[in-house]
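Before any comments, here is the structure.
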Amino acid sequence: MISSVSGCKRIHSIEVEQLQDSEEVQHSFLLIKGRLQPKCAAAKQLKATLELCDEQSQSASQLQLQPRSQSQSLEQLTQLSSAGEFKLLFDLHVQQDKEEVPAVTSRACRLQLRSCSGSRLIRFTYKPRSSHYRVQPLYIVCQDEKEEEASVSRCSLIDLNLRLVQCIYAHKLHAAGFANRTFTLNGPCRRFCSQLTTEETLAKSEDELWQHFAGEILACEQWGQQLHLKFVAFVACTRYDGSAVAASGDHSYANIRRHLRGHAALGGGGLALFGSAHFYAWPRTFSEIGDCVRSAERVDVARLPDESNYRRTYGGVYASTLGAVCHELGHCFDLGHTLDGVMGHGFDYLNRVLTVDQATEHLPQRIVDQSSSTAGAHTHSHTRSRLTQLKLKQPSSQLLDNYHGQRRNDSFYFARNCAVILAHHRWLNPQPQPVPINTESLAIYLSRASREIVSTTPLRLVELRCNRNSLVAHYEELSANVQQVEHRFQLPAALWHLVADQRTHYVFVLTTNGDTKRLACDDEH
């Protein structure tokens, strides 16, 4: 028991969101959010003890020679917020001896929480997620780059932080009512050797980099024909001209981006592509995650690029850049833009997912802009868009909304339509339908005669998105009758006018099988 609670005579309980007794967890990082009820003025900390016991399948002869399982215990002591809230992050896949311990297939987990008189015991199972549809991390190096040792350490950094992204996706979709939804990593980050030289890479724009590397991946013998893979890739040779930024005296977001070369933050189809200039703010080990999130160290823009939405701190850079990974990966999972949340300007607030008791942040809103690139890896041709940033003065009513939003959902969440798409998407659904991924063959079309969407497959969700920036203007959730031979959804007249007459918007549909398709009047019947 924690010594600071001596003298408290109240009866407390510990509430935990999401994680339940006997639950199966499929992602390796476990984020736990809860609170001590009622709050206690004397209790300042919560002690968490997690016991992990491996369950290995062994032959009878092996059982006679060695123990059936291997166990270990992890402890954390975390601060309670002023409201008695806490957050914990555990690595369920941690191994004491990576060379001798076999790969984890299943672990029995026992989590004990204690604070003041409150106590909570939760037993659950960790079973690493397995799916045919996966995400493969890549570290892209130019043909004239030879630093093997740097590649190894950076691949390790990428793996660690993508496991955190995987955890955050699961946590936020669980909060939206969809348990055990997240993506599966195909394996560790791999070094991908491009045919470009460093000079050629640095001369290309973001869109040109995306187009070129998407083409190289598609043409690659190792990865190109694996349609069940999507890729998250980082460019090794990103360069930042900090001295030019310092000399100009212009420390704006736009000027810093102008002085980044070999950099991208674009996602769509089968590829989400990023630069590597912000790795200075990313953790390299699990134990560094908390310090990196909370870091208030100031960014010296004469040496390092700031991408923190004007927070100018290492913690802000980490939150915004890892939040951008969540955002761009969302585009790979067919999400459009929303005004708020992860697919809007809310991805800057990733730090709030992992912390409690932070002051309300009033950050400039990001504005959706159009990207000129057109083709996606493993997808049909379409226009992608990006979130660019303008420093806007927010009205006083918005400041109050920020306060309530950040208290309620961290301001980092998937809007309802996005959560529905992710929950049914083949790359996140725990039991996806094993059918070929060829959206062109889906019998779904727009009928001008009846102003309807007609489909031979039941529809789960219909969105109206803007052609210019893929911003969702309207959506409808549907509960389909699977017994019907043909499924129809009639668009309201005002929405049909935008699609058929003005042609400023297109229709996005999600089927109950997890397939998605974009419909425009050019495709109509």
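Tabulated data
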{"item": "Area of D501 that stays accessible when all protein chains are in place (1.4 Å probe, Å², to 10)", "result": "90"}
{"item": "Accessible area (Å², 1.4 Å probe, nearest 10) - Y506", "result": "10"}
{"item": "Sequence of L121, L519 when ordered by accessible area, the most exposed leading, probe 1.4 angstrom", "result": "L121, L519"}
{"item": "Order of exposure, largest accessible area first, which applies to S131, S153 with probe 1.4 Å", "result": "S153, S131"}
{"item": "Region 444-519 - percent relative contact order, Cα under 8 Å, separation 6 or more", "result": "36"}
{"item": "Probe 1.4 Å - accessible area at C220, Å² to nearest ten", "result": "30"}
{"item": "Amide H partners (placed H, <5 Å) of R366, local residues excluded", "result": "H345"}
{"item": "Spin-label model distance (nm) - T285 vs T197, 7 Å beyond Cα toward Cβ", "result": "4.0"}
{"item": "Sequence of R123, R298, R448 when ordered by accessible area, the most exposed leading, probe 1.4 angstrom", "result": "R298, R123, R448"}
{"item": "Greater than 24 Å apart at Cα, pairs in K127/K172; K87/K230; K172/K230; K127/K517; K87/K172", "result": "K87/K230; K127/K517"}
{"item": "Extended-chain gain in nm, criterion 0.36 nm per residue less alpha-carbon gap, S130 and E15", "result": "38.4 nm"}
{"item": "Pairwise centroid distance, computed over Cα atoms, of region 271-337 with region 182-256, Å", "result": "15"}
{"item": "Long-range amide H partners of T105 with built H, under 5 Å", "result": "E55"}
{"item": "Inter-label distance, nm, simple model (7 Å from Cα along the C-beta direction), R258/A41", "result": "5.7"}
{"item": "Surface accessible to a 1.4 Å probe, per residue, for the residues of region 444-519, Å²", "result": "45"}
{"item": "Using θ = phi - 60° and Karplus 6.51 cos²θ - 1.76 cosθ + 1.60, couplings along region 163-178 (whole Hz; Gly, Pro as x)", "result": "5, 5, 4, 4, 5, 5, 4, 4, 5, 6, 6, 4, 4, 8, x, 10"}
{"item": "³J(HN,Hα), Karplus 6.51/-1.76/1.60, whole Hz, each residue of region 239-252, x for Gly, Pro", "result": "10, 10, 9, x, 5, 5, 5, 5, 5, 6, x, 9, 9, 5"}
{"item": "Residue-span extension gain [E148 to A493] - 0.36 nm each, minus C-alpha spacing", "result": "118.3 nm"}
{"item": "Nonlocal amide H pairs with L461, under 5 Å, H built at 1.01 Å", "result": "L478, L510"}
{"item": "Prolate/oblate/rounded call for region 222-362, Cα gyration tensor, a/c under 1.5 rounded", "result": "oblate"}
{"item": "Separation of the D501 and S450 label points, Cα + 7 Å toward Cβ, nm", "result": "2.2"}
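The values are calculated or read from the model by the stated rules, or taken from the named source; none is laboratory data. Keep in mind that what you see is a predicted model, and the values were worked out from it rather than measured. Ideal geometry is used to build each Cβ from the backbone, glycine not excepted, and the neighbour counts take in all protein chains shown. Note: accessible area is taken over every heavy atom of the protein model, side chains too, but ligands, DNA and RNA are not part of it. Shrake-Rupley method; radii C 1.70, N 1.55, O 1.52, S 1.80 Å.
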